[in-house]
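The values are calculated or read from the model by the stated rules, or taken from the named source; none is laboratory data. From a predicted model like this one, the values you see are computed outputs, not experimental measurements. Here the Cβ is made from the backbone with ideal geometry for all residues, glycine too, and neighbour counts use every protein chain on show. These accessible areas exclude ligands, DNA and RNA; they are computed on the full protein's heavy atoms, side chains included. Shrake-Rupley method; radii C 1.70, N 1.55, O 1.52, S 1.80 Å.
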Amino acid sequence: MINGYTRTCGVFGNPVEHTMSPAIHNFLAEQTGQNLAYVPFHVETGQLEAAVKGAYALNLLGVNVTVPYKSDVMPFLKEIDSLAAQIGAVNTLVRAEGGFKGYNTDMPGLYRAMCADKVVIEGERVLILGAGGVARAVAMLLEKKKASEIILLNRTVEKAQAIADEVNEIAGERLARALSIAEFDTLPVNERYLAIQATNVGMYPKVDACVIEDKEFFKRVHTGYDLIFNPLETSFMQRVQAQGGRAFNGLKMLLYQGIIAYELWTGCTVSEELAERTYGNMLAAMKAQHGNQE
Ligand code: NAP
């Protein structure tokens, strides 16, 4: 019950109306007995600094930050965690003395999701489709978790090359390289890869789209991990499965980035059993939202 002791958390975004985060945090608060309410905040262009200051002044416990503000929010924070600084994006603000501290829980969230799905990174040859903000962070995660090879395929090959250069600099070896999407056919035919789909292509409502359509590509994929979660089964996932591979969507990444933020805000530890029930609650919320979209 909301009363005088209720703490508030929320998410800044624009648009923010389709967010699944309330279905994560309000469920966790109820299940862990925390007097906490989580709400969406639509932040207009140019109002981000005022929103961060206002959230601090209003004693908010924590804030998530989503598109398009994950990098823009960084100058308005008191402190930035080292992983978030390396990735160059903050999605979680935690209340600290004199201001918020910024964290990135997207990448640890993806890692926890992959562990839950039993997808191994260490020693794997990995393809990343895309070279945007998330693809860059994924490339850094793969370097840290000891993938044996990282190949970024992107429409704009220069962007993929820039990320590969950065990863190689961190790794101190030529671990990553870049290709245009059309150049996938230069990959050896007898090799099987883990492929992480990190473009926007295939997101609702353009659900039939896929960033790469040639089935020769999918023959080279043993596991496809699409970071998109709406729809729950993307065209990319269907193509992976049609060639005999395993396929996953991005809903567990969303779940675990939320769980890690919740743990940072409240000091609670969320068990795997509770994580599973929270996932069920998200699925139900997604179905209800879909009903409204159609
Ligand atoms: P971004 O920075 O805007 O990058 C978009 C990428 O998609 C770029 O590589 C872009 O290629 C490529 N792309 C866009 N339209 C394309 C098209 N028509 N054909 C070929 N390539 C195209 O986006 P982001 O922030 O990295 O997000 C990427 C994805 O991650 C989104 O789908 C988002 O939903 C997902 N995501 C999931 C979670 C989760 O919790 N599951 C969290 C965050 C993000 P160019 O470089 O050539 O433009």
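Brief remarks follow.
- Any hit, the stretch 200-210, residues being within 11 Å of the ligand (Cβ to nearest atom), at negative phi and not in a loop (DSSP other than H, G, I, E, B): no
- Near pairs, Cβ below 8 angstrom, 6+ apart or cross-chain, from the stretch 205-218 (among the acidic types (Asp, Glu)) to any residue that is part of a helix (DSSP H, G or I): 208/235; 213/239; 214/184; 214/185; 216/184; 216/185
- Scope the stretch 181-192; condition over 20 Å from residue 123 (Cα atoms), away from the ligand (no atom under 15 Å from the Cβ) and of a type in the set (Val, Ile, Thr); matching residues: 186
- Among residues of the stretch 43-80, those that are touching a residue at least 60 places away in the same chain (Cβ under 8 Å) and either within 24 Å of residue 132 (Cα to Cα) or among the polar types (S, T, N, Q) (or both), counted: 4
- Among helices (runs of 4 or more DSSP H) entirely within the stretch 231-294, having at least 3 residues that are surrounded by fewer than 21 Cβ atoms within 10 Å (Cβ to Cβ) and within 15 Å of the ligand (Cβ to nearest atom) singles out 272-293.
- The residue that is farthest from the ligand (Cβ to nearest atom), among those in the stretch 59-80 that are open to solvent by 10 Å² or more (accessible area, probe 1.4 Å) and within 14 Å of residue 265 (Cα to Cα), is 59.
- Output for the stretch 100-148, where each listed residue is more than 17 Å from residue 168 (Cα to Cα) and among the small types (Gly, Ala, Ser): 102, 109, 113, 116, 130, 132, 133
- Test result for residue 45, over 26 Å from residue 136 (Cβ atoms) and more than 17 Å from the chain's Cα centre (by Cα): no
- Any hit, the stretch 169-180, residues being buried (at least 17 other Cβ atoms within 10 Å of the Cβ), within 16 Å of residue 220 (Cα to Cα), hydrophobic (A, V, I, L, M, F, W, C) and within 14 Å of the ligand (Cβ to nearest atom): yes
- The one condition from (1) open to solvent by less than 50 Å² (accessible area, probe 1.4 Å); (2) within 12 Å of the ligand (Cβ to nearest atom); (3) under 12 Å from residue 130 (Cβ atoms) that residue 195 does not meet is (2).
- Verdict on residue 165 being open to solvent by 10 Å² or more (accessible area, probe 1.4 Å), away from the ligand (no atom under 14 Å from the Cβ) and touching a helix residue (DSSP H, G or I) at 6+ places or on another chain (Cβ under 9 Å): no
- Single condition residue 25 does not satisfy, out of (1) surrounded by fewer than 16 Cβ atoms within 10 Å (Cβ to Cβ); (2) modelled with pLDDT of 95 or more; (3) over 15 Å from residue 90 (Cβ atoms): (1)
- Selected residue [modelled with pLDDT of 95 or more and away from the ligand (no atom under 13 Å from the Cβ)] from 139, 116: 116
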